[in-house]
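Here is the structure we will look at.
The values are calculated or read from the model by the stated rules, or taken from the named source; none is laboratory data. Quantities reported herein were computed from a predicted structural model and do not represent experimental measurements. Please note: Cβ atoms are built from the backbone with ideal geometry, for glycine as well, and neighbour counts cover all protein chains shown.
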């Protein structure tokens with residue numbers, strides 16, 4: 001980044017908190033997309049079709065990704081956007097009002113806090129944060145700068161899920177005593193790759209950012225960065241954080257559990273993946289429990305109704321026969337004193353009583369794009385400057401991500417975590433060290 005851009009970035013960071021634009025009803029919000037891989041391309045496709053937004057910037061450390069995105073934008077709108085390699089140049093640009101971040105996890109906090117300090121509102125992909133410390137920093141910076149920070153938990157803007165949660169909170173299955181999140185998403189082996197020269201057009205130093213410097217490796221680039229501790233959080237922090245957030249939502253969004261315990265491992269294929277592909281986690285909230293399972297290997301789903309109550313002490317159990325049995329692989333199950341609910345992207349079902357009678361069911365409306373609805377909610381809050389309108393602002397979303405981090409910390413330390421307020425772990429220095437990185441690279445500190 002040039003000295004002039006650096007100067008403008010830090011001047012903007014020092015003065016932006018006091019500046020808040022008043023938006024007219026017909027004004028378009030200039031959005032820059034930071035990180036244009038698979039998910040970032042989805043951001044581009046949505047914003048370019050939204051009448052209240054204009055794609056004003058395209059930022060990626062990979063030149064080929066920027067060029068591809070520029071072509072996509074031209075085909076969609078007939079207009080080009082500014083191109084950036086370094087996100088700090090995006091944040092220094094006065095023509096950018098908001099940023100939509102789809103970088104790898106390890107960049108989420110730094111990108112968000114830099115953007116907020118430069119006066120930009122932020123839509124950031126899940127998980128909210130790469131570790132618990134970074135989430136706490138993000139919450140504080142968003143509060144101090146009065147920026148809108150929405151996390152890409154689009155389930156919070158999905159109409160049928162919102163309706164299902166209203167029913168759950170209204171007592172349709174009685175008092176919820178357990179929420180269970182399932183991430184049974186098949187993940188094939190990533191194999192093995194040797195380190196190699198950095199490909200032309202890729203700024204590997206910027207890609208690593210806060211992570212330790214290491215030689216380029218194809219498996220640590222693009223999607224597979226999820227499976228390495230330097231940059232990702234495994235599938236519990238990838239696909240799983242959606243279901244973790246829904247589990248918390250169903251329980252009324254509690255904050256910190258009393259204890260967290262997770263066990264599992266990297267089973268099956270012998271490859272370069274570091275994060276577990278099988279993980280079971282339990283979170284104790286006193287009278288309620290949250291359970292989460294990750295299975296990346298071959299497995300069946302869950303959610304079939306329980307065996308019906310015996311008619312007499314010596315009579316054989318008879319399986320219940322509901323009208324519409326379910327089998328959830330990626331989704332959620334909620335258990336209450338009067339029944340249970342299943343929920344995934346195909347809809348939700350509510351069963352009650354000893355016979356598991358189907359009493360309520362809802363399916364998604366055709367043609368609805370939950371991510372677009374979530375982005376519209378973000379832009380609405382940008383206009384109103386009311387952070388309470390955000391369907392999953394950073395103050396809540398970082399807690400959902402933190403449960404994923406608690407599970408990983410428990411797994412990596414090999415024991416149950418007893419939480420104090422903060423959170424910190426009682427008499428557990430090994431776990432407390434994992435609240436943040438051992439070290440950040442100079443210039444990329446969170």
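For this structure, a couple of remarks:
- A single member of 261, 283 is buried (at least 23 other Cβ atoms within 10 Å of the Cβ) and closer than 21 Å to residue 424 by Cβ, and it is 283.
- The range 416-430, residues that are free of Cβ contacts under 8 Å to residues at least 60 places away in the same chain, in a loop (DSSP other than H, G, I, E, B) and surrounded by 12 or more Cβ atoms within 10 Å (Cβ to Cβ): 428
- Some residue of the range 141-149 being under 25 Å from residue 212 (Cα atoms) and modelled with pLDDT of 95 or more: yes
- Taking the criterion of being at negative phi, outside any strand (DSSP E or B) and either surrounded by 18 or more Cβ atoms within 10 Å (Cβ to Cβ) or in contact with a strand residue (DSSP E or B) (Cβ under 8 Å, 6 or more places away or on another chain) (or both), the residues of the range 25-38 that qualify are 28, 36, 37.
- Number of positions in the range 384-407 that are out of contact with any strand residue (DSSP E or B) (no Cβ under 7 Å at 6 or more places or on another chain) and at negative phi: 14
- Looking across the range 329-367, the residues that are part of a loop (DSSP other than H, G, I, E, B), at pLDDT below 95 and over 26 Å from residue 239 (Cβ atoms) come down to 353, 354, 355, 356.
- Within the range 56-68, the set of residues being farther than 11 Å from residue 102 by Cβ and in contact with a strand residue (DSSP E or B) (Cβ under 6 Å, 6 or more places away or on another chain) comprises 56, 57, 58, 62, 66.
Matching residues to (1) farther than 23 Å from residue 88 by Cβ; (2) part of a helix (DSSP H, G or I); (3) free of Cβ contacts under 8 Å to residues at least 24 places away in the same chain:
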| site | (1), (2), (3) |
| --- | --- |
| 197 | yes, no, yes |
| 215 | yes, no, yes |
| 223 | yes, yes, no |
| 226 | yes, yes, no |
| 233 | yes, no, no |
| 241 | yes, yes, no |
| 246 | yes, yes, no |
| 252 | yes, no, no |
